[in-house]
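Please read the structure below before turning to the comments.
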Amino acid sequence: MSGSTAKRNPSDFLKQVLGRPVVVKLNNGTDYRGTLACLDGYMNIAMEQTEEYVDGKLKAKYGDAFLRGNNVLYICAQKTVKK
């Protein structure tokens, strides 16, 4: 590691993506894509403008979605497209 590489932990990442578009993958393989509204210490997640994808195909759209933390496999930042 170089001296300029800063250590990051999951808490820093979650603070950085709060209010931004994310992809949340569940243990069953379902993806939820939307804006990360908030989360708690148990990784329970509230999302806004959420789309549900099963096997890569859009299945449903929700205004708000609440995901239980023990079902979450990972959270990643979604790339934003500049218009």
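A short reminder: the numbers here are calculations on the coordinates, not readings from a lab. Everything quoted here is computed from the prediction, not taken from an experiment. Note that we place each Cβ from the backbone using ideal geometry, even for glycine, and neighbour counts take in every protein chain shown.
Quote to one decimal, in nm, the extra length available between residue 74 and residue 12 on full extension: 0.36 nm per residue of separation minus the C-alpha distance between them.
Taking 0.36 nm per residue and subtracting the Cα distance, the gain is 20.8 nm.
Is there a quick way to get the dipole size of the chain? I mean about its Cα centre, with the Cβ of Lys and Arg at +1 and of Asp and Glu at -1; what is the value in debye to the nearest 20?
Once rounded to the nearest 20, the dipole reads 360 debye.
Report, by chain and number, residues whose modeled amide H sits under 5 Å from the one on residue 78, excluding near sequence neighbours (fewer than 5 apart, same chain).
Amide H neighbours of residue 78, under 5 Å, 5+ apart: 22, 23.
What does the charge add up to near residue 33, with Lys and Arg as +1, Asp and Glu as -1, over the other residues with Cβ less than 9 Å from its Cβ? The partial results should precede the final answer.
Values: positive: none; negative: 31, 51, 52.
It works out to a net charge of -3.
Net charge within 12 Å of residue 47 by Cβ-Cβ distance, Lys/Arg positive one each and Asp/Glu negative one each, not counting residue 47 itself?
Neighbour charge sum, excluding residue 47 itself: -2.
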